[in-house]
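A.B. asks: Quick one: this structure, given as structure tokens, is what I'll be asking you about.
The values are calculated or read from the model by the stated rules, or taken from the named source; none is laboratory data. Remember, predicted model here, so these are calculated numbers, not experimental data. Because the Cβ atoms are built from the backbone with ideal geometry, glycine has one as well, and the counts that use them run over all protein chains shown. Side chains included, ligands, DNA and RNA excluded: accessible areas come from the protein's heavy atoms. Shrake-Rupley method; radii C 1.70, N 1.55, O 1.52, S 1.80 Å.
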Amino acid sequence: SDLSLSVCISSRELFSPSQKYQLLVYHADSLFHDKEYRNAVSKYTMALQQKKALSKTSKVRPSTGNAASTPQSQCLPSEIEVKYKMAECYTMLKQDKDAIAILDGIPSRQRTPKINMMLANLYKKAGQERSSVTSYKEVLRQCPLALDAILGLLSLSVKGAEVASMTINIIQSIPNLDWLSVWIKAYAFVHTGDNTRAINTICSLEKKSLLRDNVDLLGSLADLYFRAGDNKNSILKFEQAQMLDPYLIKGMDVYGYLLAREGRLEDVENLGCRLFNISDQHAEPWVVSGCHSFYSKRYSRALYLGAKAIQLNSNSVQALLLKGAALRNMGRVQEAIIHFREAIRLAPCRLDCYEGLIECYLASNSIREAMVMANNVYKTLGANAQTLTLLATVCLEDPVTQEKAKTLLDKALTQRPDYIKAVVKKAELLSREQKYEDGIALLRNALANQSDCVLHRILGDFLVAVNEYQEAMDQYSIALSLDPNDQKSLEGLQKMEKEDSPTDATQEEDVDDMEGSGEEGDLEGSDSEAAQWADQEQWFGMQ
């Protein structure tokens, strides 16, 4: 196309105006696929100018070649299609305003469903919710089964009943489509933050023979269990989805995060490698690898991997949370706050986004801001075990609100006696009050139907406080079997072992005194080597 355009300029009689227009579009398309977006926009603009001149001419000049001009002119790419491609270029260049301006210039009656869909997404991203809703509804008017448009409307707080009414005619006219109204109802619950009813509705869908073993539904179910704080069932559903589709990428960032939290770092590393083999152009592999680094306490590398994920997908909530957590742990709290706020904007019903922001406020001693945010979450998402625990966490930071924290935690544990975060915070409160026997009873009850590293470790701490040393060692050992990287459990176990064998401890101290300087030198060398290794690993996954 480039060579032909040069020939066209040199010899104007060789190609007709319509052929020149077609050449410009071909050339712009090739630049678009080569990711030369600015150059492509330039050539699309030239093509539109040529089309404008072409439309003014009542007769197309015949070509000197053998090709007939009339059939060719009938197959020319439309002006609307060219504008759509220009808008795609602008979105790739992150110039959303220019993309909206181009598409807004297309008369409403001439907009195709994909143009309205792009406009709706752009309006939503720009915060123009009313215009976004209008565009999504226009998509559904033309394509009543456009599920992305349905999800878009539900995410903008349009009532599920209103959305369902726009699809009722098509549901009634096509056999075996009655499940769609239940599907809409389920995702209406998802977008209002009613996780329990959403889980129940999707479970009822998943049990139907038509949708049994549907990977997308299983992924949604896993994500909902995660939002509800039921990590065990979330992991089970992600594993089930993976077995059905070994090339699944969607949702694997959350799955990797859950595995990392449980201390299964080897599984996280294997998952990251497998996802990179599937595609390194999605955010999920980078997030999974970042979770491995974060829970290995390599925060700089986690920060880099999170930033890379955001570069690939600026709407990746999990990438924003990873980068925010890494920044917070590196002491860059104000930068972390920006990332958590963006995550909240994208996912206002996800509690972990608020948790990250509140942790930042507490880290910077901004207890008042943390309290305001926790109260807002409590009012917005409702009084469930998670929001009650989050509010109690902030109350524990202020001596004046200790009793309120106790009341909130009791309410949370009444709703969900197995909710680990509530159990941990209640144990923390009992530890402050030195009510160790009550704490032991609480932890034993929580561990009756589940096994968790943190709970076993805290139980070990409480048993030490009441001089039950042997059972404390057993609890630390169980905690380490669940998470070999749990430093606090390791320290507790080592402390118990030293107390059990004071002679060995004395001998170790003597050896340390004799070899102190040499040992310190070795450790310093190890740190240096680790730093070099971290630098080398920085480009991991980009090969």
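A.B. asks: Checking Arg109 against (1) surrounded by 16 or more Cβ atoms within 10 Å (Cβ to Cβ); (2) assigned to a helix (DSSP H, G or I), which test does it fail?
C.D. replies: (1)
A.B. asks: Write out, first by first residue and then by second, each pair whose Cβ atoms fall under 9 Å of each other, whose residues are 6+ apart or on separate chains, and whose first residue, in the range 84-110, is on the phi > 0 side of the Ramachandran plot while the second is open to solvent by less than 70 Å² (accessible area, probe 1.4 Å).
C.D. replies: Short answer, once both residue conditions are applied: Lys94/Ser314.
A.B. asks: Being modelled with pLDDT of 90 or more, in a helix (DSSP H, G or I) and crowded, with 18+ Cβ neighbours inside 10 Å is the requirement here; does Leu154 meet it?
C.D. replies: Numbers: modelled with pLDDT of 90 or more: yes; in a helix (DSSP H, G or I): yes; crowded, with 18+ Cβ neighbours inside 10 Å: yes.
Yes: the conditions hold for Leu154.
A.B. asks: Let me ask you something else. Only one residue in Lys426, Lys421 is part of a helix (DSSP H, G or I), under 30 Å from the mean Cα position of the chain (by Cα), free of Cβ contacts under 8 Å to residues at least 24 places away in the same chain and assigned by the TED database to the domain that holds His456. Which one?
C.D. replies: Details: Lys421 fails: free of Cβ contacts under 8 Å to residues at least 24 places away in the same chain.
Answer to the check: Lys426.
A.B. asks: Taking the range 413-437, which residues are open to solvent by less than 80 Å² (accessible area, probe 1.4 Å) and on the phi > 0 side of the Ramachandran plot?
C.D. replies: Within the range 413-437, none qualify.
A.B. asks: Against the condition without any contact (Cβ under 8 Å) to a residue 60 or more places away in the chain, over 22 Å from the mean Cα position of the chain (by Cα), in a helix (DSSP H, G or I) and surrounded by 18 or more Cβ atoms within 10 Å (Cβ to Cβ), how does Val133 come out, does it pass? Show your work before the answer.
C.D. replies: On the way: without any contact (Cβ under 8 Å) to a residue 60 or more places away in the chain: yes; over 22 Å from the mean Cα position of the chain (by Cα): yes; in a helix (DSSP H, G or I): yes; surrounded by 18 or more Cβ atoms within 10 Å (Cβ to Cβ): yes.
For Val133, the condition - without any contact (Cβ under 8 Å) to a residue 60 or more places away in the chain, over 22 Å from the mean Cα position of the chain (by Cα), in a helix (DSSP H, G or I) and surrounded by 18 or more Cβ atoms within 10 Å (Cβ to Cβ) - is met.
A.B. asks: Within the range 380-394, is even one residue over 16 Å from Lys421 (Cα atoms) and open to solvent by less than 10 Å² (accessible area, probe 1.4 Å)? So that I can check it myself, show each step before the final result.
C.D. replies: Here is the first cut: in the range 380-394, the ones over 16 Å from Lys421 (Cα atoms) are 380-382.
Right, trim to open to solvent by less than 10 Å² (accessible area, probe 1.4 Å) and you get none.
Among the residues of the range 380-394, not one is over 16 Å from Lys421 (Cα atoms) and open to solvent by less than 10 Å² (accessible area, probe 1.4 Å), which makes the answer no.
A.B. asks: If you don't mind, there's one more thing I want to ask. For Lys232, state whether it is basic (Lys, Arg) and either farther than 30 Å from Gly263 by Cβ or at pLDDT 95 or above (or both). Please lay out each step first, then the result.
C.D. replies: Details: basic (Lys, Arg): yes; either farther than 30 Å from Gly263 by Cβ or at pLDDT 95 or above (or both): no.
Considered against the rule, which asks whether it is basic (Lys, Arg) and either farther than 30 Å from Gly263 by Cβ or at pLDDT 95 or above (or both), Lys232 comes out as no.
Residue-wise test of (1) modelled with pLDDT of 90 or more; (2) part of a helix (DSSP H, G or I); (3) more than 16 Å from Lys421 (Cα to Cα).
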residue: Ala441; (1), (2), (3): yes, yes, yes
residue: Ser451; (1), (2), (3): no, no, no
residue: His456; (1), (2), (3): yes, yes, no
residue: Val464; (1), (2), (3): no, yes, yes
residue: Gln470; (1), (2), (3): no, yes, yes
residue: Met473; (1), (2), (3): no, yes, yes
residue: Leu480; (1), (2), (3): no, yes, yes
residue: Asn485; (1), (2), (3): no, no, yes
residue: Ser489; (1), (2), (3): no, yes, yes
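A.B. asks: Still on this structure: Report the residue count in the range 188-231 for those that are part of a loop (DSSP other than H, G, I, E, B) and open to solvent by 40 Å² or more (accessible area, probe 1.4 Å).
C.D. replies: Taking the range 188-231 and keeping what is part of a loop (DSSP other than H, G, I, E, B), we get 193-194, 208, 212-214, 228-230.
Still in the list and also open to solvent by 40 Å² or more (accessible area, probe 1.4 Å): 194, 208, 212-214, 230.
Residues in the range 188-231 being part of a loop (DSSP other than H, G, I, E, B) and open to solvent by 40 Å² or more (accessible area, probe 1.4 Å): 6 in total.
A.B. asks: Checking the condition of a type in the set (Phe, Trp, Tyr), open to solvent by 40 Å² or more (accessible area, probe 1.4 Å), part of a helix (DSSP H, G or I) and over 21 Å from Tyr354 (Cβ atoms), which residue from Tyr247, Tyr304 passes? Working first, answer last.
C.D. replies: Numbers: Tyr247 fails: part of a helix (DSSP H, G or I).
On inspection, the qualifying residue turns out to be Tyr304.
A.B. asks: Within the range 307-389, which helices (runs of 4 or more DSSP H) (wholly inside it) include 1 or more residues that are among the acidic types (Asp, Glu)? Before you say what the answer is, go through the steps one by one.
C.D. replies: Numbers: elements: 317-329, 333-346, 351-363, 367-381.
Because the criterion is at least 1 residues that are among the acidic types (Asp, Glu), the helices (runs of 4 or more DSSP H) in the range 307-389 that meet it are 333-346, 351-363, 367-381.
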